[in-house]
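The values are calculated or read from the model by the stated rules, or taken from the named source; none is laboratory data. Predicted, not measured: the structure shown is a model, and the values here were computed from it. Here the Cβ is made from the backbone with ideal geometry for all residues, glycine too, and neighbour counts use every protein chain on show.
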């Protein structure tokens, strides 16, 4: 993902007089990216970044996706680039769709695990 690239560069290089101070939305974008990685891992669709293993946990995936959705809705309004807004919306949608599919595969009732009001 590309959202927090400027903030990551700032964190690596430090602050100079010409470097603008990151906003809270810059920090939220970094958190968004991190939680997206966690959500995919908890869905069991990508390896856990710490263990390197597929370790699905649907209950934790739901929490991670809820957090991703909250963070995404907070920052997408602040983005000037329509492509970045669309990318955030697509990630949130893809996570929710995969959550419903994984819940059904595990025999759960995805309706009872609905994420937000959009699923």
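Among residues of the range 30-57 that are in contact (Cβ under 8 Å) with a residue 60 or more places away in the chain, none has a beta-carbon under 6 Å from a residue that is surrounded by fewer than 19 Cβ atoms within 10 Å (Cβ to Cβ) at least six positions away or on a different chain.
Given the criteria in a helix (DSSP H, G or I) and more than 15 Å from residue 34 (Cβ to Cβ), does residue 59 qualify? When the stated conditions are applied, residue 59 passes them. Does residue 22 count as more than 17 Å from residue 90 (Cα to Cα), part of a loop (DSSP other than H, G, I, E, B) and under 16 Å from the mean Cα position of the chain (by Cα)? So residue 22 fails the test. No other residue among 91, 119 is modelled with pLDDT of 60 or more and in contact with a helix residue (DSSP H, G or I) (Cβ under 7 Å, 6 or more places away or on another chain) apart from 91.
The residues of the range 59-88 that are in contact with a helix residue (DSSP H, G or I) (Cβ under 7 Å, 6 or more places away or on another chain) and closer than 17 Å to residue 40 by Cβ, listed by number, are 60, 61, 62, 64, 65, 67, 68, 69, 71, 72, 88. Go through the residues of the range 29-43 one by one and say whether even a single one is in contact with a helix residue (DSSP H, G or I) (Cβ under 7 Å, 6 or more places away or on another chain), part of a loop (DSSP other than H, G, I, E, B) and either surrounded by 19 or more Cβ atoms within 10 Å (Cβ to Cβ) or modelled with pLDDT under 95 (or both). Yes, the range 29-43 contains a residue that is in contact with a helix residue (DSSP H, G or I) (Cβ under 7 Å, 6 or more places away or on another chain), part of a loop (DSSP other than H, G, I, E, B) and either surrounded by 19 or more Cβ atoms within 10 Å (Cβ to Cβ) or modelled with pLDDT under 95 (or both).
In the set (1) at pLDDT 95 or above; (2) within 17 Å of the chain's Cα centre (by Cα), residue 54 fails one condition alone, (2).
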